[in-house]
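The values are calculated or read from the model by the stated rules, or taken from the named source; none is laboratory data. Values in this document were obtained by computation on a predicted structure and should not be read as measured data. Here the Cβ positions follow ideal geometry from the backbone for every residue, glycine too, while neighbour counts run over all protein chains shown. Side chains are part of the model used for accessible areas, which takes the heavy atoms of the whole protein and leaves out ligands, DNA and RNA. Shrake-Rupley method; radii C 1.70, N 1.55, O 1.52, S 1.80 Å.
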Amino acid sequence: MEADSTGANMGGKADVEMAENPFEPYIESLRQQLEDQDPVFLIGLVVALAVVVITCVFLKYFLSSKTVRSAVLLVGLCDSGKTLLFSRLLSGKFKRTQTSITDNSAPYKAKNDRASTWTLIDLPGHDSLRPQYLEKFKSAARAIVFVVDSAIFQKEVRDVAEFLYNLLTDAAISRNAPAILVVCNKQDITMAKSAKLIQQQLEKELNTLRVTRSAVLSSQDGSVGGSLYLGKKGKDFDFGQLSLKVEFLECSARGSKGEEGEADIVSLEKSLAKL
């Protein structure tokens, strides 16, 4: 009787163990098969699985980076003419505007054979609003149209340079590499500065800004807090040092004939058509 009882207990324990781990026989069988395999085969299997995982990760990153950037951002200081330029690009018509306190967006069809369509977004120019709206849309930017008031540029050169510096040293913008179009607006006004002169003065001002701000760049790769070092170390700054493509254009959203005439924005439209 004791033997029968012992056998029953052992059978019961085996049943309990089987119930607790029903996959144990299969796992043991798989382990045995793997041990019997050629080590070269196992190494090849591991390498193949690693290649599949790496390929999936790369495709996810590549496809996401290519599909989301379909916006053209209009940025600049207050009263630089962004909102009128926004209206001219969309409809060609003159429209009286006021200082924007929020973003405006609409589909823009580029003037090219591909009939490319981008989302044109006019961002507020007030210095208290610029950072939050730029942060919101910068990752979607295919191009950034940086609008400058050419007529009063000399008075605003410091503010313009600081805003442009923040754009050019932004890590996300540098990584995505949107086209940067510096649009020197209001060329219809007699005292307006040329695009060439504005570019030269901005290079000097950005060089000065780089010196004053470079003290905070302390990490090994030259970046800290999401910012990058501007240009090449040991050389005076010029836009040719950047990995980003920066183009200077002249235009007049108002036009030489005022409200009744057409805008002079052909150069901008041609650049947008190349995106």
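Observations on the model:
- The stretch 74-116, residues that are closer than 13 Å to V145 by Cβ and polar (S, T, N, Q): S80, T83
- Test: residue in the stretch 210-233 that is among the aromatic types (F, W, Y) and at pLDDT below 95: yes
- Of everything in the stretch 258-275 that is surrounded by 13 or more Cβ atoms within 10 Å (Cβ to Cβ) and part of a loop (DSSP other than H, G, I, E, B), the residue that is modelled with the lowest pLDDT is G261.
- Residue count, the stretch 95-136 (criterion: exposed (fewer than 13 other Cβ atoms within 10 Å of the Cβ), touching a residue at least 24 places away in the same chain (Cβ under 8 Å) and among the acidic types (D, E)): 1
- S91 vs. criteria farther than 15 Å from A273 by Cα, small (G, A, S), at pLDDT below 95 and open to solvent by 50 Å² or more (accessible area, probe 1.4 Å): yes
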